[in-house]
Each structure stands twice: as C-alpha cells, then as structure tokens.
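First the structure, in the form of structure tokens, and then the observations on it.
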Amino acid sequence: MGTDSIVGIGVSVWDCISRIESYPKHGSVVHASDRFEGICGGITVAIATAARLGSETAMIDALGDDQASQSIIRSLEDTGVNQIGLQRYPNAS
C-alpha cells in the first residue's frame, strides 16, 4: 500500500432490505416487491466506494465464517479492496 492509501477499521455488515407498499397494520401480512442485499456499515461502504473510484484501499475487520461474512468478503473482492487485514473466526457470525 502506498502513501495515498485509505485503510478502514470498522464493522462490516451484510444487510437485507425489502421494499413494501405500505407499513403493515397489526396482524396483517405484506409482501415485499423488491429486495436488496449488500455491504453496509459506514466505513465499509466508504472504503468500497473509494476503491470503486480508483483509490488503493484496505479493510481491517473481524468476520465469522457464516454466509453473511462470505458475502462481505466477495463484495469487497469485487470492488478491489485489499483484505489483508480481515480476520476470520470459525463458528462466528
């Protein structure tokens, strides 16, 4: 990493967001029309965005070995974030 590199230290989160037509009334059921999944957490999004814009970036974080953690890693890989600072913990999420 060079002198102009950006390193993020923070909490990476994998969010699932669903869009609904209206807020459900007590006891009712509504169906989602759209669903979005992606990385969240302020610093994680900022680092991924900086990488997409061409900056040299790295992320320091502790992740588990669950599906959400794997999705976070895949997303960071896809944006070009250096993951040398990611630590993995078995049986954690």
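The values are calculated or read from the model by the stated rules, or taken from the named source; none is laboratory data. From a predicted model like this one, the values you see are computed outputs, not experimental measurements. Don't worry about glycine lacking a Cβ; one is built from the backbone with ideal geometry, like all the others, and counts go over all protein chains shown. These accessible areas exclude ligands, DNA and RNA; they are computed on the full protein's heavy atoms, side chains included. Shrake-Rupley method; radii C 1.70, N 1.55, O 1.52, S 1.80 Å.
Per-residue ellipticity at 222 nm from helix content only, as computed over the chain with -39500 (n - 2.57) for each DSSP H run of at least four residues, stands at -8000 deg cm²/dmol.
With the Cα gyration tensor of region 54-93 giving a ≥ b ≥ c as the square roots of its eigenvalues, does the rule (a/c under 1.5 for rounded; else a/b larger than b/c for prolate; else oblate) give rounded, prolate or oblate? It is oblate, given that a/c is not under 1.5 and a/b is not larger than b/c. Annotation: the antiparallel percentage among DSSP beta bridges lying fully within the chain is about 45. When the chain is treated as a GNM with alpha-carbon contacts under 10 Å, the residue of Ser71, Ser18, Ser55 showing the greatest mean-square fluctuation is Ser18.
For the chain, the relative contact order is 32 percent, taking Cα pairs closer than 8 Å that sit 6 or more residues apart in sequence and dividing their mean separation by the residue count. The fraction of accessible area contributed by carbon and sulfur in the chain is 53 percent, rounded to a whole number (1.4 Å probe; ligands and nucleic acids excluded).
Summarised in one figure, the compactness ratio Rg/Rh of the chain, Cα atoms and Kirkwood Rh, is 1.11.
For the chain, a simple Cβ point-charge model (Lys and Arg +1, Asp and Glu -1, everything else neutral) yields a dipole of about 240 debye relative to the Cα centre.
Against the main long axis of the alpha-carbon atoms of the chain, helix 67-79 sits at an angle near 50°. Averaged over its residues, the chain has an accessible area of 68 Å² per residue, based on protein heavy atoms and a 1.4 Å probe.
Solvent-accessible surface (1.4 Å probe) assigned to Asp78 amounts to roughly 120 Å². Considering only His31, Ser69, Ala92, and ranking their Cα positions along the charge dipole of the chain that arises from unit charges at the beta-carbon of Lys, Arg, Asp and Glu, the one farthest toward the positive end is His31. The Rg/Rh ratio for region 1-41 is 1.31, where Rg is the radius of gyration of the alpha carbons and Rh is the Kirkwood radius.
Here's how it looks for Ile60: its modeled amide H is under 5 Å from those of Gly8, Ile9, Gly10, which are all 5 or more places away or on a different chain. For the chain, the longest principal axis of the C-alpha atoms and the axis of helix 42-52 are separated by about 60°.
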